[in-house]
Each structure stands twice: as C-alpha cells, then as structure tokens.
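Asker: Below is one structure. I have some questions about it.
Every number in this text was worked out from the coordinates using simple rules, so none of it is lab data. Given the structure is predicted, the values throughout are model-derived calculations rather than measurements. Heads up, the Cβs are rebuilt from the backbone with ideal geometry, glycines too, and the neighbour counts pull from every protein chain shown.
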Amino acid sequence: MIPWLHPATPFPPLEMALTEPNGLLAAGGDLSLPRLLEAYRLGVFPWFNEGEPVLWWSPDPRMVLFPDEFKISRSLKKRLARADYQVRVDTAFTRVMRACAEPRGEGGGTWISDPMIAAYGALHEAGYAHTFETWMEGENGEELVGGLYGVAVGRAFFGESMFTRKTDASKIALAHLVAHLKQHDFGVIDCQMKTAHLASLGARAIPRSEFSRLLGRLTPQPQLFGPWPGA
C-alpha cells in the first residue's frame, strides 16, 4: 500500500516508492502551490486520471536531458534556420496546456484535467511555470502550432508535456528552451519517463539517487521568476 497524504502530511521517503507501477509514491493531498513546489524540489510529480485521487510519482531510473547533451539533427538544424516561425515565451500558457491535453490517437485520454490546468496556471501566475510556443502564419493569421510547458525551480526545469500541429513545431520550441536554459545556467531538464523519442533528442536515464543529488544542488539556486523574456 502507498501512504495517503493529508494537506499537512509531508511526502514519504522516496525509497518507499513502488517498483510496480514504477515510482508510485503516495496518493491524496492537493495541488496547492506549496504542495507542488515541495514535490518538484524532491523530484516528485503528480500524474493521475480524472476521477482518481491525486497520485504522486518518483520513478527510478529518471529520464533527464542535460542541456549540453541536446541533439540537434541535421534536418532540425535546417528547420531552425528558416524564418517562417516565431518562438514566444509565456504568452499563451493556458492555450498550450489545453493543446497538450488534446487526445492523441483514437481513444486517447489525458491526465491534463481542468484541476491540473488551474493548478499549473497558479504556478505560472506565481512565476514558476512556463511555456515555449511556436507560432506560424496560417489562413487566419498567426497560429499556435506547437509548444511545451514545464516548471522551473531554482536552476532545474521540469518538463511536463508538449504538442505539435506542424512538423517539428514542438522540437523548435524545445530547441529554444534548451538555448534559454543554457544561457541561464540551468543544470537539467527533467523528462520524467523514458521514451525512444526523448532518447533521440539526447535524454538519458539516470538513477533516482543521482537525480535527487542534482536537485539538492540545483533547486536552492536563485529563482528565475517569470514571465521569462521572449526568445
């Protein structure tokens, strides 16, 4: 069994997380600003379906992308060099979250429910959550065609989700995020779970213990509050 969190209950030690399903640590609690910031500083994140209690996760190993290890393919480099797009930062936070929540494939669901959108909107208003957005000209003027959102605590960035409506639009946003993070001495981008797509971009899995040590060094560093300047 996993612990049940009441509003004032701290998270249990990460070593108590289950191995199956990988990383399930606790249930309950809320999505308040203090709870979410406590979670991210520990390397814990919420992930649950609508109708479930809040479920908190800390998988082992942890998929991360170190900014200096981001792989830009030859085709992406050519795409970035074209002048048919703009990347904006923190101008359409709720729209990006709702786009990330759209079903992907037949019968696809989402964990990005209205309570999650409200909670991360509060993080955004407080200056912790950010979007990188790819915009292109369309039939009705400028259109949001891709992007991502995540949470910055100290000098660690916790990627949450991305979406794309045009080829490479999310990769364009990610490339600009990485450039911004390198400029401001961020040490890691948390990618949470291992996927082949993330691995192709340079992400790799590290032990949870190593990830915790990284966060212990990076999250206490000075906070770069938002909104962040545009790319």
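Asker: Based solely on its DSSP helices, what 222 nm [θ] is calculated for the chain when runs of n ≥ 4 H residues each add -39,500 (n - 2.57) and the sum is averaged over all residues, nearest 500 deg cm²/dmol?
Answerer: That comes out to -9000 deg cm²/dmol.
Asker: Would you list which lysines come within 24 Å of residue 182, measuring only between C-alpha atoms, while excluding same-chain residues fewer than 8 positions from it?
Answerer: 71, 77, 78, 171, 194
Asker: Work from the charge dipole of region 44-109 (Cβ charges, +1 for Lys and Arg, -1 for Asp and Glu, about the Cα centre) and give the residue of 99, 86, 49 farthest towards its positive end.
Answerer: 86
Asker: If I model a spin label as a point 7 Å beyond the Cα along the Cα-Cβ vector, how far apart are those points for residue 194 and residue 9 in nm?
Answerer: Between residue 194 and residue 9, the simple spin-label model gives 3.1 nm.
Asker: How high is the FRET efficiency between residue 165 and residue 2 when r is their beta carbon distance and R₀ equals 41 Å, given to the nearest 0.05?
Answerer: Calculated transfer efficiency: 0.65.
Asker: Highest first, please rank the peptides 52-58, 15-21, 151-157, 128-134 by the mean number of other Cβ atoms sitting within 10 Å of their residues.
Answerer: Highest-to-lowest ranking by the protection proxy: 128-134, 151-157, 52-58, 15-21.
Asker: Sorted by packing (mean other beta-carbon atoms within 10 Å per residue), highest first, where do 8-14, 189-195 land?
Answerer: Put in order of decreasing packing, that is 189-195, 8-14.
Asker: Which of the GluC sites (Glu not before Pro) found in region 139-196 are in a DSSP loop and have at most 14 neighbouring Cβ atoms, other than their own, within 10 Å?
Answerer: Sparse-neighbourhood loop GluC sites (Glu not before Pro): 139.
Asker: Taking Rh as the Kirkwood radius computed over C-alpha pairs, what is the Stokes-Einstein D of the chain at 10 °C in a medium of viscosity 1.306 mPa s, expressed in µm² per second?
Answerer: For the chosen part, D equals 87 µm²/s.
Asker: Does region 126-175 classify as rounded, prolate or oblate by the C-alpha gyration tensor (a ≥ b ≥ c root eigenvalues; a/c under 1.5 gives rounded; else a/b over b/c gives prolate, otherwise oblate)?
Answerer: Prolate shape, in that a/c is at least 1.5 and a/b is the bigger ratio.
Asker: Still on this structure, please answer the following. So what are region 146-231's ellipsoid semi-axes, whole angstrom, largest first, if each one is the square root of 5 times an eigenvalue of the alpha-carbon gyration tensor?
Answerer: In descending order the semi-axes read 21, 18, 10 Å.
Asker: OK, next. At 7 Å along Cα-to-Cβ for each site, give me the label-to-label distance between residue 212 and residue 73 in nm.
Answerer: It is 3.7 nm.
Asker: For residue 193, list long-range residues whose amide hydrogen, built 1.01 Å from N in the peptide plane, is under 5 Å from its own amide hydrogen.
Answerer: Hits under the 5 Å cutoff: 63.
Asker: Let me ask something additional. For residue 2, enumerate residues with amide H under 5 Å from its amide H, sequence gap 5+ or separate chain, H modeled in the peptide plane.
Answerer: Amide H neighbours of residue 2, under 5 Å, 5+ apart: none.
Asker: Something else about it: Excluding residue 25 itself, what net charge comes from residues whose Cβ is under 11 Å from its Cβ, given Lys and Arg +1 and Asp and Glu -1?
Answerer: Taking every other residue near residue 25 into account, the sum is -1.
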